[in-house]
Amino acid sequence: MQWIEIKVVYEPDDNLMVDELIAAVFEDADTGGVAVERPDIEPDEGWDPGPVSRPDHFAVKGFIPSDENAETTLALIEKGLERLKNQGIVLSLHTRTFAEEDWSETWKEHFWPENITARLVVKPTWRDYDAKPGESVIEIDPGMAFGTGTHPTTRMCVTLIERYLKKDDSFLDIGTGSGILLIAAHILGAGPMTGTDLDMTAVETAEKNLVLNRVPREKFTLVHGH
């Protein structure tokens, strides 16, 4: 499947929330979520962005399928951006088309085994890693689902699980993504576990990763939906 990346590069304005105005244009065109890039934001101490480098420009970007509706969606976005230009906002529109398989595979060269806590190591399935004494390894292939272990939110969640989870506690993971938190909870002694996600691809990916990490099937339930 082909996708179109729509990237709007803009000049910031101290008096306007330009990124929110551009995001609203995407929302009006019904593109789904957007990503905001801001080179002026300094990461907090301990905040590890993983392999992602700091952006060069202020930008808002989203993705749409390259299908029969793409031309209409792009026209709506262009019309909304033109209104912002008329308000004095300086911006430019950039698009590129790429194949889904490229999106899901090329990033893998940046994903390496990494400690997310002193005890837990996340290892992509396509890398080798010799665990040190006291380490437990989580094998993961996130596919198109969120959850490689390098994102700060994942690290913080795992740290809290490690700190507060008691043996045989039940565990609920809302928005399970790749299933990484369920696997970590299992390693740390959780009892029955449930993971939910709105994305069926994520549910399928989580199941594969749980099985890969030898989590007994009778110990977990995965639900597609709220």
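Numbers below:
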{"item": "Flag for residue 184 being in a helix (DSSP H, G or I), at pLDDT below 95 and open to solvent by less than 30 Å² (accessible area, probe 1.4 Å)", "result": "no"}
{"item": "Condition met for residue 172 (in contact with a strand residue (DSSP E or B) (Cβ under 9 Å, 6 or more places away or on another chain), outside any helix (DSSP H, G or I), over 19 Å from residue 119 (Cα atoms) and open to solvent by 90 Å² or more (accessible area, probe 1.4 Å))", "result": "yes"}
{"item": "Count of residues meeting criterion [open to solvent by 80 Å² or more (accessible area, probe 1.4 Å) and modelled with pLDDT of 85 or more] in segment 29-58", "result": "2"}
{"item": "Residues (under 15 Å from residue 83 (Cα atoms) and in a strand (DSSP E or B)) located in segment 1-31", "result": "8, 10, 16"}
{"item": "Where a residue in segment 207-226 is touching a residue at least 40 places away in the same chain (Cβ under 8 Å) and its partner, wherever it lies, is outside any helix (DSSP H, G or I), with Cβ under 6 Å and at least six apart", "result": "209/140; 209/178; 209/179; 212/139; 213/139; 222/195"}
{"item": "Failed criterion for residue 166 (all others in (1) open to solvent by 30 Å² or more (accessible area, probe 1.4 Å); (2) part of a helix (DSSP H, G or I) hold)", "result": "(2)"}
{"item": "Positions within segment 187-226 being open to solvent by 40 Å² or more (accessible area, probe 1.4 Å), in a helix (DSSP H, G or I) and within 18 Å of residue 158 (Cβ to Cβ), in sequence order", "result": "187, 212"}
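The values are calculated or read from the model by the stated rules, or taken from the named source; none is laboratory data. Bear in mind the structure is a predicted one, so any value in this text is a computation, not a measurement. Backbone-built Cβ (ideal geometry, glycine too); neighbour counts: all protein chains shown. For accessibility, only protein heavy atoms count, side chains too; no ligands or nucleic acids. Shrake-Rupley method; radii C 1.70, N 1.55, O 1.52, S 1.80 Å.
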